[in-house]
Amino acid sequence: MTVDPNLLAVCRIGTIYRTRDRRDARIERICPEEGLIYGQVQMHGACAWRTDGRYRDAPFGAAGPLDLVAPVETASATAGPRRASVKEALEEQSRHFCCD
């Protein structure tokens, strides 16, 4: 699945996204006219992002830790926990290593 670079199309007010440094960012207001997304970042405060997720106040517009990252649903995130059988691991046929 590809991520839409235009976050205005996918952002919803009240939704929690993540920043590049993995902090929670709650969307509070979306202004399509200005091309900005406003919200609160955990342990930082109020922030504004451009439509591509770049932090508005970043020096020289460079990428940084406060950039907003669009959520990506992956198959591994929706799959249940992985399980292994101890019995199968200890069977003679399934040993893939040598022990003395």
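Percent of accessible area on segment 1-72 owned by carbon and sulfur, 1.4 Å probe?
Working: 2400 of 4510 Å².
With neighbouring chains kept in place, the figure for segment 1-72 is 53 percent.
Per 0.36 nm of contour for each residue apart, how much would the distance between ILE16 and GLU91 grow if the chain were fully extended, relative to their Cα-Cα spacing?
This chain segment gains 22.4 nm when fully extended.
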For labels at LEU36 and ASP52 in the simple 7 Å Cα→Cβ model, what's the distance in nm? 1.9 nm
Restricting attention to the alpha-carbon atoms of segment 1-70, what are Rg (one decimal) and Dmax (integer), both in Å? 10.8, 31
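The values are calculated or read from the model by the stated rules, or taken from the named source; none is laboratory data. Keep in mind that what you see is a predicted model, and the values were worked out from it rather than measured. Here Cβ is always computed from backbone atoms with ideal geometry, including for glycine, and neighbour counts include all displayed protein chains. Keep in mind that these areas ignore ligands, DNA and RNA; they rest on the heavy atoms of the full protein, side chains included. Shrake-Rupley method; radii C 1.70, N 1.55, O 1.52, S 1.80 Å.
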